[in-house]
Amino acid sequence: MSTFDDPFTPTRSLSRRGCSCGAHGSEAEHDRAAALSEAERYGRVVEGAAMRAIFPEDAGRRAFLKAVGASTAVAAVSQVLPISQVTEALAQGAGALEKRDLKVGFIPITCATPIIMAAPMGFYEKQKLNVEVVKTAGWAVIRDKTLNREYDAAHMLSPMPLAITMGAGSNPVPYTVPAIENINGQAITLAMKHKDKRDPKSWKGFKFAVPFDYSMHNYLLRYYLAEHGIDPDTDVQIRAVPPPDMVANMRADNIDGFLGPDPMNQRAVYDGIGFIHLLSKDIWEGHPCCAFAASRDFITQMPNTYAALLRAIIDATAFAHKAENRKQIAAAIAPANYLNQPETVIEQVLTGTFADGLGKIQKVPDRADFDPFPWESFAVWMLTQMKRWGQIKGEVDYAGIAKQVYLATDAQRLMKEQGLTPPAATSKTFSVMGKVFDPARPAEYLASFPIGRAS
Amino acid sequence: MTAPLRLRALFLSLLILVLCLGAWQIAVSGSGATADMDPDYAKLMGQTATTGKSAMPSPLDVGKTIWGHLRDPFYVRGSNDKGIGIQLAYSLGRVTLGYLIAVLVAIPVGFLIGMSPLMGRALDPFIQLLKPVSPLAWMPLALYTIKDSGISSIFVIFICSVWPMLINTAFGVASVRKEWLNVARTLEVGPVRRAFTVILPAAAPTILTGMRISIGIAWLVIVAAEMLVGGTGIGYFVWNEWNNLSITNVITSILVIGVVGMILDQLLAQAQRAVTFPE
């Protein structure tokens, strides 16, 4: 059954699979046919919840409704639970938007897919928001423009809000990550001339590029190199280079490789300049990359707008997660207004059927994936790496900062509201290159690395 | 028989142009070795990789692109994709505003410095220190303090274009011929009237030279500032096309930027001619 169906109709099923009345091809069509006003929708949500609580078994509900009739049932249930009051409270909470016209900044890479596609594909509109997505030239600029409040929210690298909150590389401003955008979807790309040097141990003296100092790319590349015995600070050079410069610099032979965001990896292949050495999912399966970030002020001053915006992002991310939607998304975000790349490049990145630059077509459907849930343990891992490479010093309150910045509880609540199933926990263990990370013991984890700058 | 110099120069210019374009066309035409590729794989690759086509566009490609932009300069396909005419308008708007503010500041202050040797000496170290600072160095500071990217770029134009005008005005004012000032003094002309009727006309050619240098600088600065800040303007257009590694469009915008800069310069050259006087 759809969240917005009348649970007092005996023929409706309460299960959430397929179209609930059987008359429509899909649940989306069903929803359109059963279009309700906003107030009615909230009423349905409340009634549905009440009925589900009273009748955990659908058969019981049906029998009850057949026996007494819908209106008697409504009266009976209303006596126990003041449905109209609850509905009103919910509608008010989610109603009045403090601000409709928003500006959201993005960097033209596929990581920003949910933020970008939500504009042309109408996800913002569905939440009654008028969002202008603004292309921005670099990470430092997007940070400054968001801190200046020119943007209401922005696409950032997932470690950036942590760094901003702690005042690493900028003034400390309380920042938050209400949702992760993408997981996986990065790669190590090497210049064509290193076709035969596939072993990282032979990479001494290489010059690498990463998009920003406070980026998963930087931490993953350093981690990968260090695991192979290469000290990322002394044996190689790692520079922060804006993504579009990466391909140009590789063509000019200024860098030997980069761990960069797509579409730049695929673009290097497309132009015959480099090849994909390793997808980032092979370093850490399911690693976060970019995040949807907003200042804490925005959340406290405009809670309804924030919730609506986050609903749109979560919705879009869920849509992008489905493999069958990827081609359509590629077509929507490739034009000059958004990513400004050849459509085939974007399509290869999103569908995971791609040329690897060495003459083979690889099929990796989860090369790039989208999952909004901001696990607090992601933040803890990033903090351990920031400390490992000397970006932050002294005692670090790992769990405290992670909880303050990565708003897992909010995401849980909003995902539930939209009928998605969020994970029950806010932290999880995962392994990076086979090494298990336990978010409860960050200090031990940090101490276990032979190469690092942590003091 | 000798044609007039102008005609010969024109002929030589054209010859150089044709030679350059010809060399360019030859340099980029001809495809390299076509790599042996699986057709399915080749479909996923770009032309540079499959046919060995040079990544540099030929003059013909650039011509086609320019024609495409000129035919439809004012389209709007969303907030991040606007026609080149609109982008130019944005940039010109910013330049005009920043430049006018600079004029309003530089000329009075220049007068002050030029008329008072004491002020001249006192302000000189500051001017010398701030004059050579690159626009891009100002940008982060402006973004941080002004907290608005649009105003920041206008500020950067202002701060970069103010110095040549200031220095030239001060120089022009200071080097007005002593005889004229003495005549004014003999006739008991008040200081305000002296400034407007004697000094201003006398210093005008020098001031306009400064203004002409400044407009060139302002136009240089806007492209850099917009590349950094993004959003709108011709600088953003260059950055956006570079992001797509579209050399054709980058060359196109270089030409457009050059032409507009030339027009701005010529406008001020006209003004300069209008105030020049024979001695």
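The values are calculated or read from the model by the stated rules, or taken from the named source; none is laboratory data. Predicted model only: the values in this text are computed from it and were never measured. Because the Cβ atoms are built from the backbone with ideal geometry, glycine has one as well, and the counts that use them run over all protein chains shown.
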Residue among A:330, A:355, A:424 that is without any contact (Cβ under 8 Å) to a residue 40 or more places away in the chain, in contact with a helix residue (DSSP H, G or I) (Cβ under 6 Å, 6 or more places away or on another chain) and not assigned by TED's automatic domain parsing to the domain that holds residue A:273:
A:330
Return the pair list, or none, for Cβ contacts closer than 9 Å from residues in region A:133-152 that are under 22 Å from residue B:242 (Cβ atoms) and among the polar types (S, T, N, Q) to residues that are modelled with pLDDT of 85 or more and not in a helix (DSSP H, G or I), at least 6 apart or on different chains.
A:136/A:105; A:136/A:106; A:136/A:107; A:136/A:108; A:136/A:151; A:136/A:154; A:136/A:155
Just one listed residue, out of A:411, A:368, A:440, is touching a Gly at 6+ places or on another chain (Cβ under 6 Å) and of a type in the set (A, V, I, L, M), and it is A:368
Please verify whether residue B:152 is within 14 Å of chain A (Cβ to nearest Cβ), touching a Phe, Trp or Tyr at 6+ places or on another chain (Cβ under 9 Å), surrounded by 14 or more Cβ atoms within 10 Å (Cβ to Cβ) and in contact (Cβ under 8 Å) with a residue 60 or more places away in the chain, treating the condition exactly as stated.
yes
Please verify whether residue A:366 is within 12 Å of chain B (Cβ to nearest Cβ), under 28 Å from residue B:45 (Cα atoms) and among the acidic types (Asp, Glu), treating the condition exactly as stated.
no
Take the residues in region A:326-347 that are of a type in the set (A, V, I, L, M), within 9 Å of chain B (Cβ to nearest Cβ) and in a loop (DSSP other than H, G, I, E, B); name whichever of them is farthest from the chain's Cα centre (by Cα).
A:336
Meets criteria (free of Cβ contacts under 8 Å to residues at least 12 places away in the same chain and polar (S, T, N, Q)) for residue B:182
yes
Pairs under 6 Å by beta carbon, first residue facing another protein chain (nearest Cβ under 10 Å) in region B:70-90, partner charged (D, E, K, R), six or more apart or different chains?
B:76/B:82; B:79/A:132; B:80/A:135
Criterion (in a helix (DSSP H, G or I), surrounded by 15 or more Cβ atoms within 10 Å (Cβ to Cβ), of a type in the set (A, V, I, L, M) and over 25 Å from the mean Cα position of the chain (by Cα)) met by exactly one of A:414, A:446, A:350:
A:446
Condition test on residue B:143, is it within 30 Å of residue B:211 (Cα to Cα), touching an Asp or Glu at 6+ places or on another chain (Cβ under 6 Å) and surrounded by 15 or more Cβ atoms within 10 Å (Cβ to Cβ)?
yes
Within region A:138-154, track down each residue that is facing another protein chain (nearest Cβ under 7 Å) and in contact with a Phe, Trp or Tyr (Cβ under 6 Å, 6 or more places away or on another chain).
A:145
Any residue at all in region A:169-191 that is surrounded by 22 or more Cβ atoms within 10 Å (Cβ to Cβ), in contact with a Lys or Arg (Cβ under 6 Å, 6 or more places away or on another chain) and on the phi > 0 side of the Ramachandran plot?
yes
Given the structure, is residue B:259 at pLDDT 85 or above, more than 14 Å from chain A (Cβ to nearest Cβ) and part of a helix (DSSP H, G or I)?
yes
One residue from B:200, B:245, B:208 being outside any helix (DSSP H, G or I) and either out of contact with any Cys (no Cβ under 9 Å at 6 or more places or on another chain) or of a type in the set (A, V, I, L, M, F, W, C) (or both)
B:245
Cβ pairs under 6 Å, 6+ apart, first in region A:235-250 and among the β-branched types (Val, Ile, Thr), second surrounded by 22 or more Cβ atoms within 10 Å (Cβ to Cβ) and assigned to a helix (DSSP H, G or I):
A:247/A:264; A:247/A:267; A:247/A:268
Please state which one of B:182, B:168 is surrounded by fewer than 17 Cβ atoms within 10 Å (Cβ to Cβ), part of a helix (DSSP H, G or I) and of a type in the set (S, T, N, Q).
B:182
Return yes or no: is residue A:219 assigned to a helix (DSSP H, G or I), more than 14 Å from chain B (Cβ to nearest Cβ) and over 20 Å from residue A:341 (Cβ atoms)?
yes
Quick one: count up the residues across region A:231-281 that are charged (D, E, K, R), surrounded by 19 or more Cβ atoms within 10 Å (Cβ to Cβ) and more than 13 Å from chain B (Cβ to nearest Cβ).
3
